[in-house]
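**Q** I'd like to ask you about the structure that follows.
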Amino acid sequence: MRTVLVTGPGGAGRTTVAAATALAAAASGSRTLLVSAESIPGFPAGTEPAPATDRLDHARIDSGEHFRAELTELQQRASSVLDLVGAGRLDGEELTELPGSPQLALLHTLHRAAAGDWAAGGYDTLVVDLPPLGEALALLALPEQLRRYLRRLLPAERQAARALRPVLAQLAGVPMPAQWLYEAAARKDEELAAVQALIEDGATTLRLVAEPGPAAEDALRTARTGLALHGLRADLLVASRVLPRHSSDPWFASLAAQQEKCLAHWHEERSPHLPVHEAAHLGRDPRSAEDLAALAVPAPDVREPGRVDDPWWIEEEPGEEGRPSVLAWCLPLPGATKEDLRLVRRGEELLLTVGPFHRIVRVASALRRCTVSGAALTDDVLRVRFTPDPRPRTLAAHPLTPRPPAPRFLNGPRPFG
């Protein structure tokens with residue numbers, strides 16, 4: 001399944017472009033599902049996939065409904081513990097969603113489309129209307145982060161004492177909460193793993209939407225760094241609400257000239273790596289599928305690769321003044337600056353901060369026994385230098401004390417005392 005994630009600076013018309021992309025994919029013969037948290041004129045507004053046009057279904061994300069369903073299910077699973085402490089349960093009518101619930105609802109919807117009950121719908125293309133650009137990049141990193149938190153807080157090896165829980169439950173008189181807690185963590189980890197696999201799949205790509213202008217140019221420049229950090233590739237930049245080039249109105253002509261200057265820079269800077277499509281301003285908000293088709297947004301090219309499989313690579317650098325060579329772990333970070341870059345190694349992980357973006361990655365297996373000797377950012381490439389451990393890796397470096405021979409008794413083992 002081809003997945004197209006659509007995002008852009010706030011107010012750039014990303015929902016409109018997402019709908020136009022899904023419509024173009026369906027018109028090309030692809031069975032398409034569009035997922036959006038916003039209502040789209042002329043499209044069904046239900047939370048389950050429903051036909052919008054021929055070969056195109058639409059499902060709307062209702063974060064409030066998802067929050068109430070999740071909390072109600074949690075209360076049911078923890079009913080024995082809640083009854084033990086005398087806690088009163090909350091009814092669905094009195095539950096109001098908390099900050100962060102829209103992001104979790106979107107992840108849950110992606111799971112349903114990738115590996116849940118919607119996966120059997122036979123869709124060829126999934127188009128997802130993401131939040132604004134900064135929030136979208138944080139959202140795409142969330143499954144990997146949450147899975148790491150679960151592994152640290154509830155490691156699977158602690159379930160080794162599972163056989164003792166029935167005994168402890170009988171002694172305490174209530175089911176042990178650890179059991180359902182680990183079960184809930186395992187279910188969430190499975191769901192997050194499916195979403196992470198969808199994001200990291202080679203058939204997943206990002207489509208950027210921006211209205212030409214200085215503010216959008218700054219946002220896109222910052223986004224380049226975040227995309228590179230997470231190994232995502234954009235297949236298209238849609239310049240939305242492009243005004244006609246010529247007008248007799250001085251004020252209107254000034255805005256069009258500003259857009260034209262920005263568009264010329266985008267075409268020169270990003271082509272051919274990132275094609276730019278100009279979607280004309282309709283003079284009003286789109287009201288129907290015909291209006292969306294008039295934007296002429298191209299359908300996703302299924303032949304183009306999506307995500308970069310592994311943006312990191314290892315280089316060998318000669319040592320200075322006769323010292324042994326070092327290994328450099330390299331990552332392209334276009335647009336990054338040294339002032340915004342921070343690196344911390346913790347065990348087998350590297351904590352990387354580039355401006356507003358954060359990621360924790362596992363150090364490559366060939367470098368885990370090396371020590372970090374420095375880092376440099378040159379030509380938009382981050383190089384983290386590792387010095388190999390000079391200690392030999394054979395067992396001979398750590399000789400074992402010979403084990404004394406076992407005592408021999410003529411008439412069997414001697415009793416103590």
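No value in this document is a laboratory result; all are computed from the given coordinates. Since we're looking at a predicted model, the values are computed, not measured. Glycine gets a Cβ as well: all are built from the backbone with ideal geometry, and neighbour counts include every protein chain shown.
**Q** Quick one: if you stick a label point 7 Å off each Cα along the C-beta vector at ARG369 and SER325, how many nm between them?
**A** 1.8 nm
**Q** Between ASP340 and LEU95, what is the label-point separation in nm under the 7 Å Cα-to-beta-carbon projection?
**A** Taking the two extended label points, one gets 3.9 nm.
**Q** If R0 is 41 Å, what FRET efficiency do you get for GLU73 and ARG284 from their C-beta distance, rounded to 0.05?
**A** Efficiency, from the Cβ-Cβ distance: 0.40.
**Q** Simple spin-label model, 7 Å along Cα-to-Cβ: HIS246 to GLU135 in nm?
**A** Computed distance between label sites HIS246 and GLU135 equals 4.2 nm.
**Q** Can you give the extra length, in nm with one decimal, that the chain gains between ASP117 and SER39 once fully stretched, where that is 0.36 nm per residue apart less the Cα-Cα distance?
**A** Here the segment from ASP117 to SER39 would lengthen by 25.8 nm.
**Q** Once each part is reduced to its C-alpha centroid, what is the distance from segment 1-74 to segment 180-247 in angstrom?
**A** 15 Å
**Q** I need the peptides 98-107, 360-369, 230-239 ranked by packing, meaning the mean over residues of other C-beta atoms within 10 angstrom, with the highest value on top.
**A** Packing proxy ranking, top to bottom: 230-239, 98-107, 360-369.
**Q** Mind ordering 330-340, 13-23 by average Cβ neighbours within 10 Å, highest first?
**A** 13-23, 330-340
**Q** Need one number: the % of Cα-Cα pairs in segment 175-284 sitting beyond the 19 Å mark.
**A** 59 percent
**Q** Through the Karplus equation 6.51 cos²θ - 1.76 cosθ + 1.60, θ set to phi - 60°, convert the phi angles of segment 352-364 into ³J(HN,Hα) values in whole Hz; use x for Gly and Pro.
**A** Here the 3J(HN,Hα) series is 10, 10, 10, x, x, 9, 10, 7, 10, 10, 7, 5, 4 Hz.
**Q** Step through the residues of segment 22-33 one at a time and calculate ³J(HN,Hα) from phi using the Karplus curve (6.51 cos²θ - 1.76 cosθ + 1.60, θ = phi - 60°), rounding each to whole Hz and writing x for Gly and Pro.
**A** 5, 5, 5, 5, 5, 5, 7, x, 8, 6, 10, 10
**Q** So, one more: List the residues whose amide H sits under 5 Å from the amide H of HIS58, counting only those 5 or more places along or on another chain, with H placed 1.01 Å from N in the peptide plane.
**A** Placed amide hydrogens put LEU34, ALA50, ALA52 under 5 Å from HIS58.
**Q** If amide hydrogens are placed 1.01 Å from N in the peptide plane, which non-local residues have theirs closer than 5 Å to the one on THR371?
**A** Here THR387, ASP389 satisfy the definition.
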